[in-house]
Amino acid sequence: MTARMTPQQRLVVAIAVLGSFVAFLDGTVVNVALPAIARELGGGLSTQQWTVDAYLVTLGALILVAGAASDAYGRILVLRIGLIGFGAASLAVAAAPTIELLIAARAVQGIAGAFLVPSSLALITSTMSDPARSRAIGLWTAMTTGAMIVGPLLGGVIVDHASWRWVFLINVLPIGVALWLLTRLDVRDERRAGARIDWWGATLCTAGLGLAVLALIELPTARGTAATPWLWAALAAGVVLFAAFVLRQRAAPHPLLPLDLFRSRTFSAGNLATLFIYAALSLNGFVIAVYLQQGAGLSATLAGLASLPTTILVIALSSRVGVLAGRFGPRLFMTVGPLVMATGCLLLLTVGARFDYWWQILPGMIVLGLGLALTVSPLTSAILGAADPERSGIASAVNNAVARVAGLLSIASLAAITGGALDLTGFHRSVWVTAALLVVGAVVSAIGVRNPPRSADARASDDSPAAL
């Protein structure tokens with residue numbers, strides 16, 4: 001048995017990549033557009049944080065709803081709804097006349113984005129088996145992670161040569177192609193009879209995250225004002241509501257977050273590692289995109305180009321690493337990869353008052369790209385492999401929710417991390433925090449992740465040249 005895919009399987013991968021591409025792209029492309037948005041619509045650091053976090057709040061909270069809906073009502077239906085909704089919301093963001101309306105439209109965009117990622121990845125896992133599935137996940141990882149990293153470059157070019165509004169309009173083309181490809185897919189949706197969605201749980205989760213993020217963003221700038229007690233109350237209420245959400249999942253007949261999934265040691269450890277690794281990646285991406293423009297004085301295009309070496313390495317290596325992880329297990333990759341990334345981040349401490357991209361940024365971006373390529377595909381395979389195939393949608397949703405919430409919280413905490421200003425000192429502080437988060441992610445992976453037993457098919461594929 002080889003890792004080669006049939007034409008229909010390749011079509012599934014293409015649809016899954018396009019569906020997730022726009023959601024991942026919008027998660028990062030906005031970073032490099034933030035200074036331009038602030039210049040036109042107003043606002044400071046907190047407004048920039050809200051432009052990112054409004055999207056991540058709804059995405060992180062409702063991705064669990066989408067994962068459950070994907071398993072219950074069919075991957076293709078949920079994916080189609082997400083594509084149409086994301087396109088409409090992108091148009092609203094591009095047309096927003098005020099920062100308040102832009103932030104509201106970003107929240108709606110996050111709702112639609114929540115329906116894209118788990119359904120697209122579950123479409124792969126439900127239609128393929130190893131080793132083809134591992135290769136497909138590697139391809140999906142390469143392209144969607146590439147979207148996250150190429151976002152700043154694409155956004156920078158658009159901001160410098162057109163308008164930040166076109167950053168969101170570019171979503172229309174891949175969405176249109178994905179909708180057309182869905183009409184050519186022979187796979188039929190499988191829907192579970194009697195399925196229900198826990199809307200109360202969704203409400204508790206969204207409100208809890210929203211209140212906690214509100215407090216984390218606004219507290220550093222509200223110290224000593226009349227709003228401070230209210231913000232502390234919001235933080236406490238957010239924690240209580242999120243705790244109520246978790247408690248509800250223990251008794252709900254159709255939980256959004258099936259807690260029994262976490263009985264798997266690899267699933268639990270993989271998601272905990274995801275929390276630290278993606279908190280670091282989101283913090284790093286935000287800080288680099290904004291600091292290179294506002295601190296180092298680069299144009300949006302040059303700030304976006306800073307991440308190009310990382311993008312090239314991830315796209316070039318992720319598919320091969322995915323196959324290797326399928327053969328040898330994910331534990332080693334998930335341990336070494338974050339440590340390599342942490343090393344790349346620490347190289348960014350060389351950034352000084354006299355800025356030089358080639359010696360201060362480029363080496364770190366290359367090492368970061370190597371570590372990222374080693375990490376992401378094995379991490380995805382480990383978590384999905386720890387769940388039953390019929391629950392791949394919710395397993396994917398849980399992992400993606402953890403990743404988005406991690407980014408949400410790290411960016412919401414930015415002012416506290418940097419000391420309230422993204423100057424050189426604040427940049428260095430964020431680098432130390434990013435590296436520390438990655439080291440913790442590596443330790444969690446080394447201790448908690450277990451390699452799955454190798455099947456006869458996987459062992460037979462070792463000697464097949466098509467496996468690589």
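The values are calculated or read from the model by the stated rules, or taken from the named source; none is laboratory data. None of the values given here were measured: they were computed from a predicted structure. A quick note on method: Cβ atoms are made from the backbone with ideal geometry, for glycine too, and the neighbour counts reach across all protein chains shown. These area figures cover heavy atoms from the full protein model, side chains too; ligands, DNA and RNA do not enter into them. Shrake-Rupley method; radii C 1.70, N 1.55, O 1.52, S 1.80 Å.
Provide the FRET efficiency to the nearest 0.05 for the Asn451-Ala104 pair, computing r from the beta carbons and using R0 = 30 Å.
Efficiency, from the Cβ-Cβ distance: 0.10.
For Leu256, what residues show an amide H to amide H distance below 5 Å, using hydrogens built from the backbone and excluding near sequence neighbours?
The answer is Asp198.
Name the long-range amide H neighbours of Ala387: under 5 Å, sequence gap of 5 or more, or other chain; modelled H, no Pro or chain starts.
So Ala387 has HN proximity to no qualifying residue.
Determine the share of the chain's accessible area contributed by carbon and sulfur atoms, expressed in whole percent, with a 1.4 angstrom probe.
67
Give, as a single signed number, the net charge of other residues whose beta carbon lies under 14 Å from the beta carbon of Val449, with Lys and Arg counted +1 and Asp and Glu -1.
With Lys, Arg at +1 and Asp, Glu at -1, the neighbours total +3.
Give me the dipole magnitude in Debye, nearest 20, for the chain about the Cα centre, with unit charges on the beta carbon: positive for Lys and Arg, negative for Asp and Glu.
740
May I ask you to work out the translational diffusion coefficient for the range 305-387 at 10 °C, viscosity 1.306 mPa s, via Stokes-Einstein with Rh from the Kirkwood sum over Cα pairs, reported in whole µm²/s?
The calculation lands on 120 µm²/s.
Only sites in a loop by DSSP and with at most 16 other Cβ atoms within 10 Å count here; which trypsin sites (Lys or Arg not before Pro) in the range 201-286 make the cut?
In loop regions of the range 201-286 (DSSP not H, G, I, E or B), the sparsely surrounded trypsin sites (Lys or Arg not before Pro) are Arg223.
Among Ala435, Val93, Leu247, which residue has its Cα furthest toward the positive end of the charge dipole of the chain, with +1 on Lys/Arg Cβ and -1 on Asp/Glu Cβ?
Checking the options against the dipole of the chain, the answer is Leu247.
Please find the FRET efficiency linking Ile197 to Thr425, where r is the Cβ-Cβ separation and R0 is fixed at 41 Å, and quote it to the nearest 0.05.
Given R0 = 41 Å and the Cβ-Cβ separation, E is 0.30.
What is the distance, in nm, between label points placed 7 Å from the Cα along the Cα-to-Cβ direction at Thr228 and at Asp356?
In this crude spin-label approximation the distance works out to 4.4 nm.
So for the chain, what percent of the C-alpha to C-alpha distances run longer than 36 Å?
23
Based on Cα positions only, what radius of gyration and what Dmax would you give for the range 63-204, in angstroms?
In order Rg, Dmax, the Cα atoms of the range 63-204 give 16.8, 52 Å.
For the chain, what is the mean residue ellipticity at 222 nm derived from helices alone (per DSSP H run of n ≥ 4: -39500 (n - 2.57); sum divided by total residues; nearest 500 deg cm²/dmol)?
Dividing the helical sum by the residues of the chain leaves -26500 deg cm²/dmol.
Using 0.36 nm times the number of residues separating Gln8 and Trp180, minus their current alpha carbon distance, what extension gain do you get?
Length gained between Gln8 and Trp180: 60.5 nm.
Between the range 303-320 and the range 213-247, what is the C-alpha centre distance in whole Å?
Spelled out, the Cα-based centre of one part sits 37 Å from the other.
Per residue, how much accessible area does the chain have with a 1.4 Å probe, in Å²?
That works out to 39 Å² for each residue.
I want to check the label-to-label distance for His161 and Val239. Put each point 7 Å from Cα in the C-beta direction and report it in nm to one decimal.
Spacing of the two 7 Å Cα→Cβ label points: 4.9 nm.
Please report the relative contact order for the chain, taking Cα pairs under 8 Å with a sequence separation of at least 6, and give it as a percent rounded to a whole number.
It rounds to 26 percent for the chain.
Between Glu40 and Val172, 0.36 nm times their residue separation minus their Cα-Cα distance comes to what?
So the extension gain works out to 45.2 nm.
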